[in-house]
Amino acid sequence: RPLLHRYFDGARAACAACHCGDPGTGDRNQANVAALMAAGEADSEYAALVLLGDLIYPVGDPALIDRVILDPYVDTLDGPTKLVPALGNHDEVSGQQDEILRTPRYSSGWYTRTFGDVQIIVLDSNHPNDPDQPAWPTETLAAPHARSILAAMPHPPYFARVPRPMRSVRAAFAPPFT
């Protein structure tokens, strides 16, 4: 089920974004979630559609980008809504994760996008120990571009339903945000 978030600046909505994880099946469940997203957009346009990893099941085949990333969300992405994808572990099985990100025009698994007063920082939680990546959020947060900051990654450092989240993700990414 997608999550719709409205980030507020005082009494007015600064940004609306829709989030969901593990979307890339191309099956009926994904179509149902996409329909819920499109229906939710009737109230207000989303600034961002944030897809939290495992964009293309089962092995990250970039030939499936249209069928499992772009086509299911065409009704949401037909206007000003921007796609903000985060790579998941299934997206790396083929070794073609750079090609997956090239279609929505991203060159790295970690990047930032700003929508009004909301900055979305996308992190690659598949590689939290990459020597360049852990310093990047600290540098990015040192000069924030918005009043509200959202960290997006498929493997969160804290998770209520998982008894032991990935400790490497917590060690790499939690400190800059605390």
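The values are calculated or read from the model by the stated rules, or taken from the named source; none is laboratory data. On a predicted model such as this, the values are computed, not experimentally measured, just so you know. Note: ideal-geometry Cβ built from the backbone for every residue, glycine included; neighbour counts use all protein chains shown. Heads up: the accessible areas ignore ligands, DNA and RNA and are worked out on the full protein's heavy atoms, side chains in. Shrake-Rupley method; radii C 1.70, N 1.55, O 1.52, S 1.80 Å.
Results, tabulated for the structure shown:
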| read-out | value |
| --- | --- |
| Exposed-loop-free span, longest in the chain, where chymotrypsin sites (Phe, Trp or Tyr not before Pro) count as exposed if DSSP calls them loop and at most 14 other C-beta atoms lie within 10 Å | 1-157 |
| Stretch gain in nm, segment Ala39-Asp22, where the contour uses 0.36 nm per residue and the Cα spacing is subtracted | 4.1 nm |
| Additional length obtainable on full extension of the chain from Asp132 to Asp75, 0.36 nm per residue less Cα span | 16.9 nm |
| The chain, accessible area per residue, ligands and nucleic acids excluded (1.4 Å, Å²) | 52 Å² |
| Of all DSSP beta bridges in the chain, antiparallel share, percent nearest 5 | 45 percent |
| Total charge dipole magnitude, segment 38-130, about the Cα centre, Cβ charges on Lys, Arg, Asp, Glu only, Debye to nearest 20 | 200 debye |
| Label corresponding to Rg and Dmax of the Cα atoms in Å when calculated from the structure given, among (1) 16.9, 59; (2) 15.8, 46; (3) 16.3, 49 | (2) |
| Surrounding net charge for Pro128, when Lys and Arg each add one and Asp and Glu each subtract one, Cβ distance under 11 Å | 0 |
| Where the Cα pairs of segment 37-91 fall when distances are cut into 5 Å bins, in % | 4, 20, 28, 22, 15, 8, 2, 0 |
| Solvent-accessible area, 1.4 Å probe, carbon plus sulfur percent, for the chain | 51 percent |
